[in-house]
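Worksheet for the structure shown next.
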Amino acid sequence: MSESTADDHVTFAGPADTGEMAQLARDVLPFMGALHDDESWRRFRRFGQGKHASDQYTLVVRNGGPGGHLVGFVWVDPAMLIDHNITEPWWCINALAIAPDARGQGRAAALLARVEAAARAAGIVLLYGQSVPEARPFWQKMKFSLGNPDEAVRTRGAAMLTSGERVNGTFSPSSGDSWFLRYLTDVPGSVRSGLLPVSWTN
Ligand SMILES: CC(C)(COP(=O)(O)OP(=O)(O)OC[C@H]1O[C@@H](n2cnc3c(N)ncnc32)[C@H](O)[C@@H]1OP(=O)(O)O)[C@@H](O)C(=O)NCCC(=O)NCCS
């Protein structure tokens, strides 16, 4: 397993970071236009410390200490709650970006290790997100299961809504993308509802 360099400084993202985060997103996440404008990071408050399941969790990594150059970020949120009123303890890894000249040194893996630790502490049972085709091998390496490109995921066990109702749902990825999923528990009966690629549930 590769290691992060000793000179890295990882902190919760905040309003002072948004200009550099938007620049990095423009450079390496061209398909995520919503992150290209630093004002939108602030307006939609894409910050949080992951203290509970409905919180966001956004980290930045700087090389060369707290005032160093921003070389990466990860942004996680309860997307199913925000988009569909689903209150299940699932976190979506919306975006993970490392600057090209800072790759291959374990920085993304180190950020994901922090995401996993925060998720477990917040009672999250499922981490998931959408991968572009080029990133599929990375998510596999990080021990996520992958659906096929364009394959939807489906709830396995009805999901709880904020209204208290339970629903089943099917969710398609963006065109050409694949869902990636990793459960944080294998204790039987501990996951009330989850998501699985539709081909796994047929
Ligand atoms: C994908 C990305 C985040 C990886 O960042 P990174 O810091 O270079 O990754 P790491 O150094 O932590 O790599 C961790 C492991 O994954 C492997 N890996 C990294 N990128 C890989 C790739 N494209 N294909 C296969 N394996 C890959 C590394 O070899 C390493 O393996 P090891 O543990 O055996 O040493 C980075 O390339 C990136 O920002 N890409 C553009 C944005 C993107 O696609 N983000 C993901 C979708 S939102």
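Since every read-out is calculated from the coordinates, none of them should be taken as a lab result. Just so it is clear, the structure is predicted and the values come from calculations on it, not from any experiment. Reconstructed Cβ throughout: ideal geometry from the backbone, glycine too, with neighbour counts over all protein chains shown.
Starting from 0.36 nm per residue, how many nanometres of slack lie between Ala34 and Ser190 once their C-alpha separation is accounted for?
52.7 nm
Ranked highest first by the average count of other Cβ atoms within 10 Å around their residues, in what order do 44-51, 83-90, 168-175 fall? It would help to have the intermediate numbers written out before the result.
Details: 44-51: 16.2, 83-90: 18.1, 168-175: 13.4.
Result, highest mean Cβ count within 10 Å first: 83-90, 44-51, 168-175.
Largest first and in whole Å, give the semi-axes of the chain's equivalent ellipsoid, each being the square root of 5 times a Cα gyration tensor eigenvalue.
On the way: eigenvalues 157, 65, 56 Å².
So the three semi-axes of the chain are 28, 18, 17 Å.
So what J values fall out for region 20-34 if you push phi through Karplus, 6.51 cos²θ - 1.76 cosθ + 1.60 with θ = phi - 60°, rounded to Hz, Gly and Pro as x?
6, 5, 5, 5, 5, 4, 4, 6, 10, 10, x, 7, 10, x, 5
Just to verify a number: FRET efficiency for Ser174 and Asn85, C-beta to C-beta distance, R0 = 30 Å, to 0.05?
0.90
About the Cα centre of region 1-74, what is the dipole size in debye to 20, counting +1 per Lys and Arg Cβ and -1 per Asp and Glu Cβ, all else neutral?
320
Find which of Tyr57, Ala22, Gly176 sits farthest along the positive direction of the dipole of the chain, computed with +1 on the beta-carbon of Lys and Arg, -1 on that of Asp and Glu, about the Cα centre.
Result: Tyr57.
For the pair Arg103 and Ser145, what calculated FRET efficiency results from E = 1/(1 + (r/R0)^6), where r is the Cβ-Cβ distance and R0 = 22 Å, to the nearest 0.05?
Once the sixth-power term is evaluated, E becomes 0.40.
If you plug each phi of region 41-53 into the Karplus form 6.51 cos²θ - 1.76 cosθ + 1.60 with θ = phi - 60°, what whole-Hz ³J(HN,Hα) values come out, in order, with x for Gly and Pro?
4, 6, 4, 8, 6, 8, 10, x, 10, x, 6, 8, 5
Taking the alpha-carbon centroid of each part, what is the distance from region 162-178 to region 3-80 in angstrom?
Each part's Cα centre sits 25 Å from the other's.
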